[in-house]
1. Of the residues in region 48-105, how many are in a loop (DSSP other than H, G, I, E, B) and among the hydroxyl-bearing types (S, T, Y)?
2. Exactly one of (1) touching a residue at least 60 places away in the same chain (Cβ under 8 Å); (2) not in a helix (DSSP H, G or I) is unmet by G352. Its number?
3. Among the residues of region 106-131, which ones are without any contact (Cβ under 8 Å) to a residue 40 or more places away in the chain and at positive phi?
4. Residues being closer than 20 Å to L7 by Cα and either among the basic types (K, R) or surrounded by 17 or more Cβ atoms within 10 Å (Cβ to Cβ) (or both): count how many of those fall in region 57-75.
5. Among the residues of region 126-151, which ones are under 17 Å from Q174 (Cβ atoms), among the charged types (D, E, K, R) and surrounded by fewer than 24 Cβ atoms within 10 Å (Cβ to Cβ)?
6. For the subset of region 383-433 comprising residues that are touching a strand residue (DSSP E or B) at 6+ places or on another chain (Cβ under 9 Å) and of a type in the set (S, T, Y), which member is farthest from K90 (Cα to Cα)?
7. Can you tell me which of V154, V180 is in contact with a Leu (Cβ under 6 Å, 6 or more places away or on another chain) and of a type in the set (A, V, I, L, M, F, W, C)?
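The values are calculated or read from the model by the stated rules, or taken from the named source; none is laboratory data. This is a predicted model, so every value here is computed, not measured. Please note: Cβ atoms are built from the backbone with ideal geometry, for glycine as well, and neighbour counts cover all protein chains shown.
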Amino acid sequence: MSQTKILLEESEIPTHWYNVVADMPNPPAPPLGPDGQPIGPDALAAIFPNAIVEQEVSAERWIEIPEEVREIYRLWRPSPLFRAHRLEAKLGTPARIYYKYEGVSPAGSHKPNTAVAQAWYNKQEGVKRLTTETGAGQWGSSLAMVGEMFGIAVRVYMVRVSYEQKPFRRSMMQTWGAEVFPSPTDKTEAGRNILAQHPDSPGSLGIAISEAVEEAASRKDTNYSLGSVLNHVLLHQTVIGLESKKQFEKVDDYPDMIFAPCGGGSNFGGVAFPYLADKAGGKDIELVAVEPASCPTLTRGHYAYDFGDAVGLTPMMKMYTLGHDFVPPGIHAGGLRYHGDSALVSQLYNEGLVSAVSVNQLATFEAGVQFAQTEGIIPAPESNHAIRACIDEALRCKETGETKTLFFNLSGHGHFDMASYDKFFSGELEDFEYPAEAIDEALHHLPKVG
Ligand SMILES: *Cc1c(COP(=O)(O)O)cnc(C)c1O
């Protein structure tokens with residue numbers, strides 16, 4: 001039997017991040033300010049360090065990873081690539097299935113890959129405090145962990161429904177020294193306005209972003225940090241895909257299809273973009289973003305300029321969106337409940353270079369349980385989306401006899417999501433298709449541009 005774990009040496013951690021902008025057929029659509037004109041770097045400099053602003057607009061193909069960031073990466077990177085022999089056997093598929101396991105990071109997901117970098121650049125520019133939002137708590141815990149490493153105070157606005165569903169994620173953030181508040185809060189104008197209209201608001205990522213951005217913009221010592229969506233975040237996550245390419249070389253294989261769960265697009269971009277360069281060079285490879293049927297941003301959203309937050313404090317980005325005032329149903333893959341998507345992923349999807357599918361909640365948990373029972377690891381509910389789509393393809397290969405190489409990103413473990421698994425086992429989880437009327441309605445709330 002061929003190898004199960006494909007490992008790299010610490011010395012093989014990438015020295016540079018890969019910037020997909022260099023290989024895109026068209027330049028990215030620019031973010032727009034309130035006047036409908038492309039924003040300059042100044043608009044971002046109020047809440048981000050200059051080095052991050054430069055990365056946000058860079059078209060350089062390779063961007064060097066600072067040595068101190070690589071040193072911290074060594075705590076858990078390179079992450080393993082696994083060949084899922086036992087899952088393949090269970091499915092009886094001729095396809096070869098591989099997965100990259102990002103749950104080996106201390107916070108349990110891919111998110112620290114960018115948290116380390118963002119905290120480092122903020123530290124270089126003398127920033128003392130960072131604010132951020134978190135949905136499921138994966139991002140908040142990642143930033144909390146690195147904040148302490150760099151002596152930066154971290155305040156986290158956590159979507160209320162997740163704050164209640166995932167109390168131990170909050171405990172983790174507090175263990176790492178962060179302050180955590182259930183959003184909407186009464187600490188910001190954005191939060192107070194929402195509470196005045198909807199006292200029982202379950203919160204949303206969009207609302208929590210408004211709160212964190214408002215606070216960062218109003219304090220000189222404080223910057224804002226975002227765990228997904230923006231170009232620099234996807235850039236930092238390319239360590240995943242770059243490592244995986246070296247790992248595939250070691251076993252002399254190469255993926256035909258790559259699957260990743262897609263919320264704001266960071267782990268999808270991180271794993272898939274380094275392969276897009278090969279695709280641009282003529283390689284036949286399919287890159288599939290997998291999203292929940294209850295929050296079908298790419299598969300059913302509008303491709304239009306919209307705000308990144310609920311209130312409209314951020315620049316407008318051209319992206320697939322369900323409308324910035326979208327409050328998603330309380331499904332358990334908290335990290336996938338975002339109204340928009342990365343502008344880079346959106347543009348590449350619009351141009352047909354990446355594809356997307358949506359899957360139902362119950363089917364994702366079924367896939368996650370099947371995975372846990374064969375491969376051992378209990379996946380995050382977000383990751384279950386990629387597993388579902390990958391298993392579906394493996395079963396298709398069983399019908400056709402194709403020996404495709406399938407690869408998915410196991411973006412995190414589910415150790416803090418066992419309450420969701422309990423609900424699945426007791427039959428309390430439901431499928432929820434986002435209604436077409438709500439999607440049409442969102443069109444009327446999009447900002448008018450041009
Ligand atoms: C946050 C998160 C996601 C979704 O976010 P992306 O930015 O789309 O990657 C997926 N999986 C896990 C485990 C997460 O924590």
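1. Step one: list which residues in region 48-105 are in a loop (DSSP other than H, G, I, E, B), which gives 48-49, 58-61, 65-66, 74-80, 84, 92-95, 105.
The next check asks that each one be among the hydroxyl-bearing types (S, T, Y); those that pass are 58, 79, 93, 105.
Residues that pass the stated criteria total 4.
2. (1) is the only condition that G352 fails.
3. Selection gives G126 alone.
4. Number of matching residues: 4.
5. Correct list: R129, E148.
6. Only one residue fits best here, namely S411.
7. Values: V180 fails: in contact with a Leu (Cβ under 6 Å, 6 or more places away or on another chain).
Unique residue meeting the criteria: V154.
Here's the yes/no breakdown for (1) more than 15 Å from the ligand (Cβ to nearest atom); (2) at pLDDT below 90; (3) among the aliphatic types (A, V, I, L, M):
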| residue | (1), (2), (3) |
| --- | --- |
| G330 | yes, yes, no |
| G334 | no, yes, no |
| Y338 | no, yes, no |
| S342 | no, no, no |
| V345 | no, no, yes |
| N350 | yes, no, no |
| L353 | yes, no, yes |
| A356 | no, no, yes |
